[in-house]
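Here is the structure we will look at, set down as structure tokens.
The values are calculated or read from the model by the stated rules, or taken from the named source; none is laboratory data. Quantities reported herein were computed from a predicted structural model and do not represent experimental measurements. Note that each Cβ is placed from the backbone with ideal geometry, even for glycine, and that neighbours are counted across all protein chains shown. Note: accessible area is taken over every heavy atom of the protein model, side chains too, but ligands, DNA and RNA are not part of it. Shrake-Rupley method; radii C 1.70, N 1.55, O 1.52, S 1.80 Å.
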Amino acid sequence: MKSITDEKLLSLVEAALFIADKPLTLQSLKQDLLVAYQVSNKRIKQVLEQLTQDYQHRGIALVKVASGYRFQAIAELSEDLSALFKEKSPRYSRALLETLALIAYKQPITRGEIEEIRGVAVSSHIIKTLTERNWIKAVGHKEVPGRPALYATTNAFLDYFSLTSLAQLPELMPISALSLGEHDTMPAQVSEKP
């Protein structure tokens, strides 16, 4: 195995993170990118820490998400940067968002349990949409008659919301704090169709 200078290691990891189409883990950096070099995990961690510091006051930041490390624009610039994206972000129905929230907070959970909490049937289209986005997956079957699928969120869900774990989800508001009067409207990002 060849040795590699700190300067080249930093440049190589930085370039890999910029061109990668998905987050990179410490292991993927070591096994795929740096396979020809003799590099310890500690040294790679030091490079990742250095990159985090180098980009601290810039328009992009190195962030750790559930699937690894990636560069992304800082949140303060998202509104201005949205002009570059002609495609509108998808709008999700209140039913889809409620279903996703129940899965995220109560996982693993069955479709029947979601329906019991929401008080209405869950459309198969909602489950299909969440599965196609790779935000949820069936992680097993509940040992009751009919053996319904148990759903849980995926790393892709965490990555999309820039989370490293479910522990970073915001705390749920108590039901008494919610105002669900007839004059309340749905948030602007929510439409009637999934």
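Things to note:
- What the Cβ-Cβ distance of Asn134 and Lys2 gives, at R0 = 45 Å and to the nearest 0.05, is a FRET efficiency of 0.75.
- For Lys22, a cut-off of 16 angstrom between C-alpha atoms picks up these lysines, skipping any fewer than 8 places away in its own chain: Lys30, Lys64.
- Near Asn41, once Lys and Arg are set to +1 and Asp and Glu to -1 for all other residues with Cβ below 13 Å from its Cβ, the sum equals +3.
- For segment 1-117, relative contact order (Cα pairs under 8 Å, six or more residues apart, normalised by length) works out to 22 percent.
- Accessible area of the chain divided out per residue, in Å², using a probe of 1.4 angstrom: 68
- Thr110 long-range amide H proximity, modeled H, under 5 Å: Tyr151
- Taking every C-alpha pair closer than 8 Å and separated by at least 6 residues, the mean separation divided by the residue count of segment 1-57 gives a relative contact order of 48 percent.
- Heavy-atom accessible surface of segment 1-159: percent carbon and sulfur, 1.4 Å: 53
- As an equivalent ellipsoid, the chain spans semi-axes of 39, 22, 14 angstrom, where each value is the square root of five times an eigenvalue of the C-alpha gyration tensor, largest first.
- Listed residues Ala66, Tyr55, Ser78: farthest to the positive end of the dipole of the chain (Cβ charges): Ala66
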